[in-house]
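Read-outs: derived from the displayed coordinates by stated rules, not from any lab. All figures in this text were calculated on a predicted structure; none of them were measured in a lab. Ideal geometry is used to build each Cβ from the backbone, glycine not excepted, and the neighbour counts take in all protein chains shown.
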Amino acid sequence: MTRQFWTILTAGALATLAFDLFGQSLSPMFGYAKLAPVGLANATLKTIFGSVPKGAGSGLHILTGLLIYSLGYVLVARPIQQRLLPALPWVVTAVVYGIGLWIFALYGVAHLIAGNKPFLGWSGITWVALWGHILYALVAVYVIEREARQPAGIPAAA
């Protein structure tokens, strides 16, 4: 159980780094939109609570990436995939999960909670967010599945 907890945290940390590097650095460097996940988190918290303490948006973004989205894969996406299509490669499951995260973030959170246009009006940020969430899922699922294939007590080789 402890090993699985650390795997989930490691997967979330590496995936969040990849998401932020892509969406806040690489994408704008190549002329595309820059993601603002902390801004969305602040807007969401303000809608729910009316005010936002300084740093709360960053905390929500980090907590979501570090733990919530990784747990979503382990507790929801993976069990569904294993029950319905057990032979499906993890890469396909990860891409579908990333698309699900994108829908959740841009429709569920940004639109239904924070009050923005659905999918942020289908602007440039919409597509950067899609690729960012798919990248997040690929990194997180790779770490989780790689660790799951290791026998207990044997760390994964570098």
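At a glance:
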quantity: Unit charges on C-beta of K, R, D, E only; dipole of the chain, Debye; calculated: 140 debye
quantity: Estimated [θ] at 222 nm from DSSP helical runs (n ≥ 4, -39500 (n - 2.57)) normalised by residues in the chain, nearest 500; calculated: -18500 deg cm²/dmol
quantity: Degrees separating the helix 2-21 axis from the principal Cα axis of the chain, which is the longest one; calculated: 40 degrees
quantity: Bins of 5 Å, starting at 0 and running to the largest distance - Cα pair percent for region 2-148; calculated: 2, 10, 18, 22, 20, 15, 9, 4, 1, 0
quantity: Contact order normalised by residue count of region 6-111, Cα under 8 Å, 6+ apart, percent; calculated: 30 percent
quantity: Proxy reagent accessibility, fewest Cβ within 10 Å first, across S27, S51; calculated: S51, S27
quantity: Packing-based exposure ordering (other Cβ within 10 Å, fewest first) of I80, I134; calculated: I80, I134
quantity: Ranking of I99, I48, I125 by count of other Cβ atoms within 10 Å, fewest first; calculated: I48, I99, I125
